[in-house]
Amino acid sequence: MTKLLRSLLQSKHRCHSSTSPLFTLINPANATPHSHYHAPTPDDLSHALELSSASQKQWSKSSPTQRSTILRRAADILSQNVQHVSRLETMDTGRPIRETEFDVLEGIECLHYYSGQILQSHDLLYNHPTGQAYVKRVPMGTTCGIGAWNYPFQGVLWKGVASVVYGNSMMYKPSEFTPSTALWMEECLVEAGLPEGVFQVVLGGGETAQHLIHSPKISKVSFTGSVSTGLRVYQQAAASMKKVTMELGGKSPLIIFNDAHLDNAVCGAMMANWYSSGQVCSNGTRVFVQEDVMDEFVQRLLERTKKLRIGDPMDTETDIGPMVHKLQYDKVLDYIHIGMKEDRATLLYGGKRPNNLPSHIQNGYNLQPAIFTNCTDEMTIAKEEIFGMVMSILSFKSEQEVIERANNTEFGLAAGVFTQDIQRGQRVIDSLDAGAAWINNYNLAPIYLPWGGCKLSGIGRENGVASVEEWTQWKSVYCEMGDVDCPYPK
Ligand code: NDP
């Protein structure tokens, strides 16, 4: 265990108990434990919720300038700790250090973004013949965030920072597999001046999450995770009329037309499938290629995929790290085996354990990226979310045909199109069921663009102009300046 992580796990700011279940954190690069922690007991959680609720009442009275200043200070602290935080994230997730450093830099941008957002007024004033009315944006109260293991640092910022800046308090439960950077962020916000209790990280698994979702103190649940858990959480939250944001899974289409800049399209397909070992919710794993450029596209993709350096995620030269844990590694391998048995699909490349790993990461959960060609829409690998490096390549003839096939899925998170005809690009994107879409690129998610999906991929949006809607509620006030106009006899 690193000194830094030990101090985070024993932080005085966080609720924990030494008598409750013990969780062990495994470094996916070498499959060895790197630290452990106790989850909170139900009593610990109840105390933390009391603290959250009491601190929110005070915090909601703070001025926008005070909140903005705290976030700018937090951004400064984060800027001085880019290496520390990205190493923690890589140790938990196995994602290459180059990727996690990028996330930390985006985190700094996120803090600056919300420090500016809160200074804008969203209140409205109306004049009425005998009075005045105003509509205020007021906080939701005590909120809860539940994060997935693939982008833990992004999760804590997108949910936690957005919630508290609008005057809420937040109880944030990271995935039990990847809590370290959320704990770091809790310390960072307190050091920057956030009052104790306003943002609390609570450790543990599904049981901890369930305690929060069912608590009457919680007014809003923001969840990121799988469709199956998300559907359950949505129903449970609805039982007590809690507001929700659901960021769930996907099986997104990436469409490459015959007039596309093919090298850019290959870059897009690689970014949409290999980044973070394929563990990205918005990945474009159904790659539709117009039939007359199929051979050229596949050849260029293969050449570049073979050059990827699979290795130690702490090495800045590494392109592909391990899968996050053994369960995910096994699940992805199972899908590759299913793909190999599908009727006509051809495993063109990869899908095996690399045999040239350095000795210190021999036990890591590494896999080669897998490219399947000759896929059809009804194949399991082309229909289900795999959350690993399994690319299904499908051929198409016409624009109308590909739009229909791309939309023929229960998911609606993301979509991409590569074409040099910008009118066609916009026309196709307008026809696709997706909350996030790209023309001639893939997987960019700057903080000023709202993020989220439709259909089974979720409800609500995070970030950008959507954040105020997600983390506040309207309060309408009418103030009478004259006498009450009453129709009843005196
Ligand atoms: P899960 O649904 O398994 O878990 C998500 C979170 O829910 C974790 O914190 C998990 O805790 C917690 N959880 C587990 N059981 C319960 C329960 N019964 N009640 C409430 N919460 C529970 O998803 P994964 O962590 O495996 O994440 C992968 C999924 O997330 C993929 O489907 C991916 O597409 C989606 N995702 C969506 C994103 C988006 O923006 N749309 C972004 C990132 C991922 P614990 O991990 O401790 O068990």
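Every number in this text was worked out from the coordinates using simple rules, so none of it is lab data. As the structure is a prediction and not an experimental result, all values here were calculated from the model. Heads up, the Cβs are rebuilt from the backbone with ideal geometry, glycines too, and the neighbour counts pull from every protein chain shown.
Data for the structure
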| item | result |
| --- | --- |
| Length added when fully stretched, residue 239-residue 344, from 0.36 nm per residue minus Cα-Cα | 33.2 nm |
| Calculated P(r) tail over 16 Å for segment 349-409, as whole % of Cα pairs | 57 percent |
| Segment residue 316-residue 303, extension gain: residue separation times 0.36 nm, minus the distance between their alpha carbons | 2.5 nm |
| Paired Rg and Dmax values of segment 90-226, which use every Cα atom, in angstrom | 17.2, 64 |
| Residue-wise HN-Hα coupling along segment 131-136, computed from phi with Karplus coefficients 6.51, -1.76, 1.60 (Hz; x: Gly, Pro) | x, 10, 10, 9, 10, 10 |
| Intensity falloff of segment 394-475 expressed as log10 I(q)/I(0), Debye formula with alpha-carbon point scatterers, at q = 0.15, 0.23 Å⁻¹ | -0.61, -1.14 |
| Where Rh is the Kirkwood radius over Cα pairs, Rg/Rh for segment 340-381 | 1.14 |
| Label-point separation in nm, residue 69 to residue 50, each point 7 Å along Cα→Cβ | 3.2 nm |
| Efficiency of FRET from Cβ geometry, residue 136 and residue 484, R₀ 22 Å, rounded to 0.05 | 0.45 |
| Residues with amide H under 5 Å from that of residue 172, placed H, sequence gap 5 or more | 145, 200, 201, 202 |
| Over 16 Å [Cα-Cα, segment 159-243], rounded percent | 54 percent |
| Scattering curve values for segment 193-243, log₁₀ I(q)/I(0), Debye with Cα scatterers, q = 0.20, 0.26, 0.27 Å⁻¹ | -0.75, -1.10, -1.16 |
| Sorted peptide list for 31-43, 284-296, criterion being average Cβ within 10 angstrom, highest first | 284-296, 31-43 |
| Overall dimensions of segment 344-460 as given by Cα atoms, namely Rg and Dmax in Å | 17.0, 52 |
| Spherically averaged projected area of segment 294-398 from its Cα convex hull (nm²) | 7.4 nm² |
| Inter-probe distance in nm under a simple model that places probes 7 Å from Cα toward Cβ, at residue 128 and residue 261 | 5.7 nm |
| Paramagnetic reach from residue 82 in segment 106-123 [backbone N under 13 Å; point 7 Å along Cα→Cβ] | 106-109 |
| Gain in span if fully extended, residue 376 to residue 395, counting 0.36 nm per residue against the direct Cα distance | 6.0 nm |
| Of every Cα-Cα pair in the chain, the percent that sits beyond 38 Å | 29 percent |
| Cut-off 17 Å, label 7 Å out along Cα→Cβ of residue 359, residues of segment 307-324 by amide N | 312 |
| Percentage relative contact order, the chain, counting C-alpha pairs under 8 Å, at least six apart | 18 percent |
| Dipole of segment 432-490 [Lys/Arg +1, Asp/Glu -1 at C-beta], most positive-end residue of 465, 454, 488 | 454 |
